[in-house]
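> Got a structure for you, written out below as structure tokens; questions coming shortly.
The values are calculated or read from the model by the stated rules, or taken from the named source; none is laboratory data. None of the values given here were measured: they were computed from a predicted structure. Cβ sites come from the backbone with ideal geometry, for glycine too, and all protein chains shown count toward neighbours. Please note that ligands, DNA and RNA were not included when accessible areas were found on the heavy atoms of the full protein model with its side chains. Shrake-Rupley method; radii C 1.70, N 1.55, O 1.52, S 1.80 Å.
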Amino acid sequence: MTDQIRILMVDDHKAFRNGLRAMLASASDLEVVGEAEDGAQAVELALTLQPDIILMDLQMPTMNGVDATRRIVYTSPHIGVIMLTMFEDDDSVFSAMRAGARGYLLKGALKAEVLHAVRGVAAGEAIFGSALARRMMNLFAATKPAAPADSLPELTEREVEILKLLTLHLTNQEIADRLIISLKTVRNHVSNILNKLQVADRASAIVRAREAGMR
């Protein structure tokens, strides 16, 4: 079949490759065209086989999956690399993304999730496991910059932090609870913020924060 998705499997554990091969063989639109035991071999086979998809382990001898992905995507950007690994920490996920991986799944993923990822990435999508996708969204939400570094130079780091919480319309007590400081300390910080920004109230301070790029 000319419309089959051609797959290269990369993992240093033969037993895992065997199980993965059996899983992929159950789908008529998928074809495993090669196997590699490490990243260096994966780079060579990717160049010669030119698969549509590579299922790539992260930690392997000789060359790890991130370095292999970077080299493969550089020479063959049309190949969709999906990391299929046991590692779910943020550093591993984002290292893989920066290297050019278009998918990231854990090895415990269900068969349906693996097949969905392979077909989705082959169609040009970026696919991440549901649990990882939620964590990524939470991480991006939690790491939004409070404001450009020099946009409110008159405020201290703590005052910028509190101003950001003011933009979320939190009360002084809610801010105190979140930062684990006293209510009186919060009031003092808010008063200092209003004075330094030369505004009359919290609403005006929030407007100043928005103008400075705080979201």
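> Looking at HIS189, HIS169, which is the one that is farther than 30 Å from SER92 by Cα and either in contact with a His (Cβ under 6 Å, 6 or more places away or on another chain) or modelled with pLDDT under 90 (or both)?
Only one candidate qualifies: HIS169.
> Further, regarding this structure: Against the condition open to solvent by 40 Å² or more (accessible area, probe 1.4 Å), out of contact with any strand residue (DSSP E or B) (no Cβ under 8 Å at 6 or more places or on another chain), modelled with pLDDT of 90 or more and β-branched (Val, Ile, Thr), how does THR156 come out, does it pass? First the steps, then the outcome.
Details: open to solvent by 40 Å² or more (accessible area, probe 1.4 Å): yes; out of contact with any strand residue (DSSP E or B) (no Cβ under 8 Å at 6 or more places or on another chain): yes; modelled with pLDDT of 90 or more: no; β-branched (Val, Ile, Thr): yes.
It is false that THR156 is open to solvent by 40 Å² or more (accessible area, probe 1.4 Å), out of contact with any strand residue (DSSP E or B) (no Cβ under 8 Å at 6 or more places or on another chain), modelled with pLDDT of 90 or more and β-branched (Val, Ile, Thr).
> Here's a follow-up. Would you mind stating whether LYS144 is under 29 Å from ASP90 (Cα atoms), among the basic types (Lys, Arg) and either open to solvent by 70 Å² or more (accessible area, probe 1.4 Å) or at pLDDT below 90 (or both)?
Details: under 29 Å from ASP90 (Cα atoms): yes; among the basic types (Lys, Arg): yes; either open to solvent by 70 Å² or more (accessible area, probe 1.4 Å) or at pLDDT below 90 (or both): yes.
Here the answer is yes, as LYS144 does meet what is asked.
> If you don't mind, another one. Just give me the residues in the stretch 165-183 being outside any loop (DSSP other than H, G, I, E, B), among the aliphatic types (A, V, I, L, M) and within 17 Å of ASP201 (Cα to Cα), in sequence order.
The first filter runs over the stretch 165-183 and keeps only residues outside any loop (DSSP other than H, G, I, E, B), leaving 165-167, 172-179, 183.
If we keep only those that are among the aliphatic types (A, V, I, L, M) too, we end up with 165-166, 175-176, 179, 183.
Selection gives LEU165, LEU166, ILE175.
> Could you grab me the full set of residues in the stretch 41-62 that are open to solvent by 20 Å² or more (accessible area, probe 1.4 Å) and closer than 18 Å to ARG6 by Cα?
Residues satisfying the conditions are GLN41, VAL43, GLU44, LEU45, LEU47, THR48, LEU49, GLN50, ASP52.
> Let me ask something additional. In the stretch 1-111, which helices (runs of 4 or more DSSP H) lie fully inside it and hold 2 or more residues that are closer than 16 Å to ILE127 by Cα? Write out each step before concluding.
On the way: elements: 14-25, 39-49, 65-75, 90-99.
Fully inside the stretch 1-111 and qualifying: 90-99.
> Return the residues of the stretch 14-35 that are over 18 Å from VAL81 (Cβ atoms) and either open to solvent by less than 20 Å² (accessible area, probe 1.4 Å) or of a type in the set (Asp, Glu) (or both); say none if nothing qualifies.
Result: ALA27, ASP29.
> Now for a different question. Taking ASP38, is it buried (at least 17 other Cβ atoms within 10 Å of the Cβ), among the acidic types (Asp, Glu) and in contact with a helix residue (DSSP H, G or I) (Cβ under 6 Å, 6 or more places away or on another chain)?
Values: buried (at least 17 other Cβ atoms within 10 Å of the Cβ): yes; among the acidic types (Asp, Glu): yes; in contact with a helix residue (DSSP H, G or I) (Cβ under 6 Å, 6 or more places away or on another chain): no.
No, not satisfied.
> Taking the stretch 63-112, which residues are surrounded by fewer than 16 Cβ atoms within 10 Å (Cβ to Cβ), within 12 Å of GLY129 (Cβ to Cβ) and at pLDDT 90 or above?
Scanning the stretch 63-112 gives a single hit, ALA112.
> Assuming ASP11 fulfils every condition listed in (1) charged (D, E, K, R); (2) open to solvent by 10 Å² or more (accessible area, probe 1.4 Å); (3) under 23 Å from LEU110 (Cβ atoms); (4) within 25 Å of the chain's Cα centre (by Cα) apart from one, which condition is it?
For ASP11, the exception is condition (2).
> Additional query: Would you tally the residues in the stretch 199-215 being without any contact (Cβ under 8 Å) to a residue 60 or more places away in the chain and open to solvent by 50 Å² or more (accessible area, probe 1.4 Å)? Steps first, please.
Within the stretch 199-215, the first condition is being without any contact (Cβ under 8 Å) to a residue 60 or more places away in the chain, and the residues that meet it are 199-208, 210-211.
Adding the requirement that they be open to solvent by 50 Å² or more (accessible area, probe 1.4 Å) leaves 200-203, 207-208, 210-211.
Residues in the stretch 199-215 being without any contact (Cβ under 8 Å) to a residue 60 or more places away in the chain and open to solvent by 50 Å² or more (accessible area, probe 1.4 Å): 8 in total.
> So, one more: Would you mention how many residues in the stretch 163-198 are open to solvent by 30 Å² or more (accessible area, probe 1.4 Å) and β-branched (Val, Ile, Thr)?
4
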